[in-house]
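The values are calculated or read from the model by the stated rules, or taken from the named source; none is laboratory data. This one's a predicted model, so the numbers in the text were calculated from it and none came from an experiment. A quick note on method: Cβ atoms are made from the backbone with ideal geometry, for glycine too, and the neighbour counts reach across all protein chains shown. To get the accessible areas, we keep the full protein, side chains included, count just its heavy atoms, and leave off ligands, DNA and RNA. Shrake-Rupley method; radii C 1.70, N 1.55, O 1.52, S 1.80 Å.
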Amino acid sequence: MKRLLIPAAGLLAAFAWTPLQAAPFAAPLDSKPLDRTNHVRLTSFSDVLKKVTPAVVSVYPERVVKIVRGGRNPQEEMLRRLLGLPGGNAGPATVEERKLPQGVGSGVIISADGYLVTNNHVVTDQAGNEADEVKVGLSDGREFAAKIVGRDPRTDIAVLKIDAKDLPTVVMADSDKVEVGDIVFAVGNPLGVGLTVTQGIVSAQGRAIGIYGKTGYENFIQTDASINPGNSGGALVDADGRLVGVNSAILSQTGNSIGIGFAIPTRLVSQVMSDLVNHGEVRRGFLGVGTGDLDASMAEYYGLSAIQGVIVNEISPGSAAEKAGLRRGDVITSLAGKAVKDERDFRWRVAQATPGTTLAIEIVRMEKKKPRTLSLTANLGEYGKTSTAPANEDELIKGVTAESLTEELRKSKNIPDDISGLMLTEVSPKSPYADLLQSGMVLVEVNDRTVKSLDEARKALSPGMNKLYVWRDGRSSFLVVKIS
């Protein structure tokens with residue numbers, strides 16, 4: 001957004017109007033660590049929480065459905081004609097729009113002018129479709145219509161904007177400085193009962209539980225603070241009342257809290273939120289490699305003292321990896337001076353880096369059956385800006401990612417047993433196919449060939465017109481997409 005500023009000198013000289021670019025949105029992190037030396041027994045945290053709770057809101061997504069009233073039912077009319085019955089007195093049909101609630105979630109106000117963060121799954125349905133309308137309720141009773149500024153299904157983060165000023169906000173702490181054992185509070189609207197605070201500790205850092213699939217990025221803070229349905233998108237705050245994470249998921253056999261909850265760390269929230277507000281999409285670093293985890297035999301073969309690192313299985317042509325000199329069969333052991341744990345850790349750290357960043361990479365390469373350690377540097381590209389995506393990013397066509405339909409996906413998305421193929425996991429709003437394809441679709445056939453893997457689908461696609469047979473929400477249909 002641009003605003004006009006009249007400089008004093010301009011008024012005296014030529015009455016010139018000078019456009020001033022508004023500063024980009026930022027979600028800064030407070031890097032001050034907690035004071036962990038204070039062991040005085042506390043009787044209450046009410047003073048801390050009074051500063052936080054006004055900034056935690058309830059989020060109410062709604063879907064608009066059309067209901068036809070009156071008119072003559074086509075099936076009833078057919079029966080009347082078949083049986084020779086006189087027609088009814090049905091009047092003209094009317095169409096009525098009705099708003100149906102899709103559940104309830106929580107959110108956290110980050111800026112006083114109305115930007116707030118919540119979960120992507122709070123403002124979408126199971127198929128990944130956005131709610132038609134979203135309302136936000138504040139703790140003081142005010143209610144606002146919210147605009148969805150942007151969503152990132154890969155991290156389950158969504159940014160909303162409400163039209164208000166001087167709103168209560170929270171300070172975002174640096175989640176990298178959180179430690180296991182720190183006291184934390186979960187604040188949100190569990191089960192729609194209203195603003196609720198629960199207490200626990202940080203149980204673990206850097207957790208990945210696989211709920212976002214192969215294309216997602218998970219690095220959760222685990223906590224035993226009680227998190228229940230409706231808490232999604234709410235705040236996880238430290239003993240100083242600063243946001244350290246956005247509550248996102250639980251592990252449970254009952255659907256309610258059993259003391260294993262997960263929050264998205266503020267390091268990630270800050271980056272994703274800033275990108276969505278400023279660019280409309282998340283800008284992720286792109287190295288251009290397909291990688292895999294090591295096992296004990298591989299570690300021994302490469303002379304490694306521990307089963308850590310990733311092996312390079314594939315390199316994208318023209319990518320930063322190719323330009324840096326990486327080869328298939330190299331084992332990446334260190335990235336930016338820090339040891340690489342496994343493939344999840346590697347993908348996470350590459351994606352977190354800003355495109356254009358130069359990263360130092362240490363590899364072990366086998367030469368004449370002897371391991372050799374090399375140091376390389378790579379200038380990261382941006383995911384989606386190169387012609388070929390890496391195998392582990394699961395991009396089928398530009399802006400569309402997919403993965404094989406597993407039993408886990410089938411159950412979570414309520415897909416019938418007789419449907420097989422590829423699940424479309426994400427369709428970027430900027431994809432040239434966004435008008436036709438939607439996340440949650442199952443790609444059954446490509447050009448009359450059944451497909452059950454990305455490789456099969458890629459081979460079946462060709463430049464020009466392609467016929468797709470897809471299933472979605474209980475219905476199957478044909479689509480035609482043109483690939484240039």
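Do you know which of the residues in the stretch 327-350 that are of a type in the set (D, E, K, R) and part of a loop (DSSP other than H, G, I, E, B) is most open to solvent (accessible area, probe 1.4 Å)?
In the first step, residues of the stretch 327-350 are kept if they are of a type in the set (D, E, K, R); the result is 327-328, 330, 338, 341-345, 347, 349.
Within this subset, residues satisfying the condition of being part of a loop (DSSP other than H, G, I, E, B) are 327-328, 330, 341-342.
On the way: ARG327: 129, ARG328: 183, ASP330: 3, LYS341: 120, ASP342: 55 Å².
Here the answer is ARG328.
Could you tell me which numbered condition SER232 fails, if it satisfies all but one of (1) touching a His at 6+ places or on another chain (Cβ under 8 Å); (2) closer than 29 Å to ALA23 by Cβ?
(2)
Could you give me the residue pairs with C-beta distances under 6 Å whose first residue belongs to the stretch 213-235 and is closer than 21 Å to LEU116 by Cβ, whose second residue is basic (Lys, Arg) and not in a loop (DSSP other than H, G, I, E, B) wherever it lies, and which are 6+ apart or on separate chains?
PHE220/ARG207
Within the bounds of the stretch 103-117, is there any residue that is modelled with pLDDT of 85 or more and at positive phi?
Yes, the stretch 103-117 has at least one match.
If SER305 passes every condition in (1) open to solvent by 40 Å² or more (accessible area, probe 1.4 Å); (2) within 19 Å of GLU343 (Cα to Cα); (3) assigned to a helix (DSSP H, G or I) but one, which one does it miss?
(3)
Within the bounds of the stretch 287-299, is there any residue that is among the charged types (D, E, K, R), in a helix (DSSP H, G or I) and free of Cβ contacts under 8 Å to residues at least 40 places away in the same chain?
no
Among the numbered conditions (1) more than 27 Å from VAL149 (Cα to Cα); (2) modelled with pLDDT of 85 or more, tell me where SER439 comes up short.
(1)
Out of ALA324, ALA320, which single residue is within 30 Å of PRO24 (Cα to Cα), more than 24 Å from the chain's Cα centre (by Cα), of a type outside the set (Asp, Glu) and buried (at least 17 other Cβ atoms within 10 Å of the Cβ)?
Exactly one of ALA324, ALA320 is within 30 Å of PRO24 (Cα to Cα), more than 24 Å from the chain's Cα centre (by Cα), of a type outside the set (Asp, Glu) and buried (at least 17 other Cβ atoms within 10 Å of the Cβ), namely ALA320.
Pull up the stretch 156-167, narrow it to residues that are part of a strand (DSSP E or B) and of a type outside the set (D, E, K, R), then point me to the one that is surrounded by the most Cβ atoms within 10 Å (Cβ to Cβ).
So the residue we want is ALA158.
List pairs: first residue in the stretch 151-166 and at pLDDT below 95, second residue assigned to a strand (DSSP E or B) and of a type in the set (A, V, I, L, M) anywhere in the structure, Cβ distance under 6 angstrom, at least six positions apart or on different chains.
ARG151/ALA158
Could you list, in sequence order, the residues of the stretch 394-415 that are open to solvent by 50 Å² or more (accessible area, probe 1.4 Å) and of a type in the set (Val, Ile, Thr)?
Correct list: THR406 only.
Could you give every pair whose Cβ atoms fall below 9 Å, whose first residue belongs to the stretch 459-471 and is basic (Lys, Arg), and whose second residue is surrounded by fewer than 16 Cβ atoms within 10 Å (Cβ to Cβ), counting only separations of at least 6 or pairs across chains?
LYS459/ARG449; LYS467/ASN447; LYS467/ASP448; LYS467/PHE478; LYS467/LEU479; LYS467/VAL480
Please list, ordered by residue number, the strands (runs of 3 or more DSSP E) wholly in the stretch 416-483 having 2 or more residues that are open to solvent by less than 50 Å² (accessible area, probe 1.4 Å) and under 18 Å from ASP125 (Cα atoms).
Answer list for the stretch 416-483: 422-427.
Under 27 Å from the mean Cα position of the chain (by Cα), open to solvent by 60 Å² or more (accessible area, probe 1.4 Å) and modelled with pLDDT under 90, is that true of THR358?
So THR358 does not fit the description; no.
Give the residue that is least open to solvent (accessible area, probe 1.4 Å), with candidates limited to residues of the stretch 98-155 that are touching a helix residue (DSSP H, G or I) at 6+ places or on another chain (Cβ under 9 Å) and of a type in the set (Lys, Arg).
Of everything passing the filter in the stretch 98-155, ARG154 is least open to solvent (accessible area, probe 1.4 Å).
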